[in-house]
1. Out of (1) out of contact with any Asp or Glu (no Cβ under 7 Å at 6 or more places or on another chain); (2) more than 25 Å from GLU2 (Cβ to Cβ), what's the single condition that is false for LYS36?
2. List, please: which pairs have Cβ atoms under 9 Å, are six or more places apart or on different chains, and start with a residue in the range 93-118 that is under 19 Å from GLY83 (Cα atoms) and end with one that is at pLDDT below 65 and surrounded by 10 or more Cβ atoms within 10 Å (Cβ to Cβ)?
3. Test of understanding: among LEU40, LEU21, LEU7, LEU58, which residue is farther than 30 Å from LEU112 by Cβ, hydrophobic (A, V, I, L, M, F, W, C) and at pLDDT 85 or above?
4. As an exercise: evaluate GLY51 against (1) under 30 Å from GLU2 (Cα atoms); (2) of a type outside the set (Phe, Trp, Tyr); (3) more than 32 Å from the chain's Cα centre (by Cα); (4) surrounded by 12 or more Cβ atoms within 10 Å (Cβ to Cβ) and give the number of the one condition it does not meet.
5. When you check ASP102 against the structure, is it surrounded by 10 or more Cβ atoms within 10 Å (Cβ to Cβ) and either at pLDDT below 80 or within 30 Å of THR6 (Cβ to Cβ) (or both), yes or no?
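The values are calculated or read from the model by the stated rules, or taken from the named source; none is laboratory data. Since the structure is predicted, the reported quantities are computational estimates derived from the model, not experimental observations. Virtual Cβ from ideal backbone geometry, glycine too; neighbours counted across all protein chains shown.
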Amino acid sequence: MENADTLNNYYQEFIEEINDLEDLVHKKDTAAILKKIVKLEQELEQADSSGFKILHALEFQDITEQKLQKVISAVRDMGGRLGAILGFIKLKQEKDPASVDDASQDDIDKLLSDFGLD
């Protein structure tokens, strides 16, 4: 936010400097015009630097958002898989309640493997 404020201040100062430059052109003060141009170039370089800092911050936010979207997608996928597993267990329990209580580790591993959760 600081860089955005700085850039906004540069913009306001730039407008004032351009108005001053126009006055100097009308007065035909060559030395003052050259001095003003050098000052404007320096301020534009600083504004350019602030602009790149803003772009860098936005780029970081975009990358962070992309990573968060991937995590959210993975969590949703896992939730879907867990829901399918729980549904499968519930269905199996309804058909044969004893079979769920007697499930071996091999049965559980096979079920997880079937859903890609090795």
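1. (1)
2. Cβ pairs passing all conditions: GLN93/SER99; GLN93/VAL100; ASP107/SER99; LEU111/ALA103.
3. Matching residue, one of LEU40, LEU21, LEU7, LEU58: LEU40.
4. (3)
5. Taking the combined requirement at face value, the residue does not satisfy it.
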